[in-house]
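Q: After the structure tokens below, expect a handful of questions from me.
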Amino acid sequence: MVAGVALAVGLAILASPIMPIGKVRAVEVARGFDVDWTVLGLGALVLALVLVAVVWATAWRAAPRRQSEESAPSARSRRS
């Protein structure tokens, strides 16, 4: 997970010289590398939190459930 977040930040930094795209590029004052560490840091944090939430939810749904003793069939009823 950490490697994926680091890769995303690295790709964002490497894509900096070719951004913005489209008509807005004509009015870009300073082309080249522009790294906003606040945006990248918060983006990395949000990405990591979303990934953790998805993994947790997937694991929670896939985990086997225990039945309470009241709802579980008794040993006598299973023997018949």
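The values are calculated or read from the model by the stated rules, or taken from the named source; none is laboratory data. The structure displayed is predicted, hence computed values, not measured ones. As a convention, Cβ positions derive from the backbone with ideal geometry for all residues, glycine included, and neighbour counts pool all protein chains shown.
Q: Hey, can you tell me all the residues within segment 1-32 that are outside any helix (DSSP H, G or I) and either at positive phi or at pLDDT below 85 (or both)?
A: Met1, Met19, Pro20, Ile21, Glu28, Val29, Ala30, Arg31, Gly32
Q: Follow-up. How many residues, within segment 1-33, are over 24 Å from the mean Cα position of the chain (by Cα) and not aromatic (Phe, Trp, Tyr)?
A: 15
Q: Search segment 18-41 for residues that are over 17 Å from Ala8 (Cα atoms) and of a type outside the set (D, E, K, R) and pair each with any residue that is surrounded by 11 or more Cβ atoms within 10 Å (Cβ to Cβ) and modelled with pLDDT under 85 when their beta-carbon atoms are under 8 Å apart and the residues are at least 6 apart or on different chains.
A: Going by the 8 Å Cβ cut-off, the qualifying pairs are Pro20/Glu28.
Q: Then there is this: Looking only at segment 14-44, count every residue that is under 30 Å from Val2 (Cβ atoms) and either surrounded by 10 or more Cβ atoms within 10 Å (Cβ to Cβ) or hydrophobic (A, V, I, L, M, F, W, C) (or both) and tell me the total.
A: 19
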